[in-house]
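The values are calculated or read from the model by the stated rules, or taken from the named source; none is laboratory data. Since the model is a prediction, treat every value here as computed from it, not as a measurement. Reconstructed Cβ throughout: ideal geometry from the backbone, glycine too, with neighbour counts over all protein chains shown.
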Amino acid sequence: MKTKVLFICIHNSARSQMAEAWLNHTCGDYFEAQSAGLEPGTLNLLAIKAMAEVGIDISNKKTQDVFDVFKSGQFFAYVITVCDAVSAEKCPIFPGVTKRLHWSFPDPSQLQGSDAAKLEQVRAIRDEIRCKIEEWCDEVCPEALGRLSRRWRKS
């Protein structure tokens, strides 16, 4: 049985979606990730593009409300908030018996500059999330990351 993980941020439009996709891509044999938000919005187009650049399609994902996930009665072994440090006080808490973690990543919806500059910043956030996912997988499930390392070396 896979360990269930819920990633939460404010809008469920970029950071939590990328974290969900990375975990399912990286350690999908061991974990089942979902994501939700306090105030669900629409998927961030730059997050969709940045993930597509690394071969992960999140374009058909829907944003969902954390309270709807709670009401569904699902249980998660881990609930990980991915709000930035500035909005951490608004970052939602998911009730229940679970391990809660907080990983701070910048909010793509708050980025400044041209579209090209924003995309470059989203790529950096994407890569930060990937590194954090890989580090965490290595901590909680070393055999998963060992398999991942072999797969990345082949490509």
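Just one residue in the set Glu20, Glu53, Glu39 is within 20 Å of Lys118 (Cβ to Cβ) and of a type outside the set (Val, Ile, Thr); that residue is Glu53. In segment 98-127, the residues that are surrounded by 16 or more Cβ atoms within 10 Å (Cβ to Cβ) reach residues that are basic (Lys, Arg) with C-beta atoms within less than 6 angstrom, at least six apart or across chains, in these pairs: Trp103/Lys132; Phe105/Arg15; Leu111/Lys118. Looking only at segment 36-53, decide whether some residue is of a type in the set (S, T, N, Q) and assigned to a helix (DSSP H, G or I). No: zero hits. Among the residues of segment 26-34, at least one is within 11 Å of the chain's Cα centre (by Cα), at pLDDT 90 or above and either surrounded by 16 or more Cβ atoms within 10 Å (Cβ to Cβ) or within 15 Å of Arg130 (Cα to Cα) (or both).
Testing Gly73 on (1) on the phi > 0 side of the Ramachandran plot; (2) at pLDDT 90 or above, one condition comes back false. Which one is that? Status for Gly73: all satisfied but (2).
Within the option set Asp57, Asp68, being in a helix (DSSP H, G or I), out of contact with any helix residue (DSSP H, G or I) (no Cβ under 6 Å at 6 or more places or on another chain) and loosely packed, with under 14 Cβ neighbours inside 10 Å holds for one residue only, Asp68.
Each residue in segment 76-90 was checked for being farther than 18 Å from Asp127 by Cβ, modelled with pLDDT of 65 or more and more than 12 Å from the chain's Cα centre (by Cα), and 8 pass.
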